[in-house]
Amino acid sequence: MLRLVDTCACANRWRAHSEAVALFCCGLMLCALLVPPWPGATLVLLTAMIAATAGARVPARAYGRALLLPLGFLATSAIGLCFSLSWADGLHLAYSADGARTAWQAGLRALAAISVTMLFAFTVPLPQWLALLRRLHTPEALLDLILLTYRMIFQLDEGLAAILRAQRNRLGYASARRALHSSGLAGGALFIRAIVRSARLERGLAARNYSGRLTVLLPPTATRPRHLLLAAAVPLALALLSWFATHPV
């Protein structure tokens, strides 16, 4: 999934408009957190989905797959809020209307916030949002740590795929007992590989006379004032629409 997100972030139509996308996502996130769940969070969810698939041309299947896992966590949490167990005079399962209302409202807000987060992840490449963080005066050491960690994740993902492929070719998952044994071996090998690669990375930085900042070549930005205005206007319109929907004149 991480590779899919990174590929979409580098190939979508909005990849050169990171400033406007960041402002747009910030406004949508504030709407998801502050406006009433209905209809505000629902409008934020629909806006984020339309912006990702129709605006940035992110594949709808990829965007939907990214939402499935957090949606499963939200559904599990919602079930826990809707029902309660009581052990007084035996086991009793009771439905809570207040809990269901809380689950509905919290679930809508959380799903809207997740959709905005996915929109940002699918449309802004890593070098672009590192540049945004640098403009916000984020410490350079933290930016370098983010960049190196991001690179290490891809390297470890490649290593894990190679280990699992080799184990499957040797029937390492033919039974439950062998699968457990193979999983332990894969985890140990991946841990050793992470230590070795981090040591190599540290030596490589020292050999290149690392001075406290990793320079990343950025493409020219295509953001114009009209893009920033539109990025701020859409969340503001959603907030006003939600407010008038819940406070009719």
Length gain on complete extension for the stretch Ala166 to Ala11, per 0.36 nm per residue less the alpha carbon to alpha carbon distance? 52.6 nm
Once the Cβ-Cβ distance between Ala232 and Arg3 is put in as r, and R0 is 35 Å, what FRET efficiency do you end up with, to the nearest 0.05? 0.60
Roughly speaking, to the nearest percent, how much of region 81-177's 1.4 Å accessible area is carbon and sulfur? 66 percent
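Using a Förster radius of 35 Å, what is the FRET efficiency between Thr138 and Asp98 based on their Cβ-Cβ separation? Nearest 0.05, please.
Working: r = 42 Å, r/R0 = 1.19.
Given R0 = 35 Å and the Cβ-Cβ separation, E is 0.25.
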The chain: relative contact order in percent, alpha carbon pairs under 8 Å with at least 6 residues between: 34 percent
If each of Arg224 and Leu185 carries a label point 7 Å out from its Cα toward its Cβ, how far apart are those two points in nm? 6.1 nm
The chain, helix-only ellipticity at 222 nm - DSSP H runs n ≥ 4, -39,500 (n - 2.57), divided by all residues, nearest 500: -25000 deg cm²/dmol
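State in Å² the accessible area per residue of region 11-162; use a 1.4 Å probe, count heavy atoms of protein chains only, and round to the nearest integer. The partial results should precede the final answer.
On the way: 8270 Å² over 152 residues.
I get 54 Å² per residue for this part.
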Taking the Cα atoms of region 12-107 alone, what are Rg (to one decimal) and Dmax (as a whole number) in Å? 18.1, 64
Region 84-172 - convex hull of the alpha-carbon atoms, volume per residue in Å³: 244 Å³
One quarter of the convex hull surface, Cα atoms only: what value does that give for the chain in nm²? 20.7 nm²
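The values are calculated or read from the model by the stated rules, or taken from the named source; none is laboratory data. Just so you know, these numbers come straight off a predicted model, no measurement behind them. Note that each Cβ is placed from the backbone with ideal geometry, even for glycine, and that neighbours are counted across all protein chains shown. Keep in mind that these areas ignore ligands, DNA and RNA; they rest on the heavy atoms of the full protein, side chains included. Shrake-Rupley method; radii C 1.70, N 1.55, O 1.52, S 1.80 Å.
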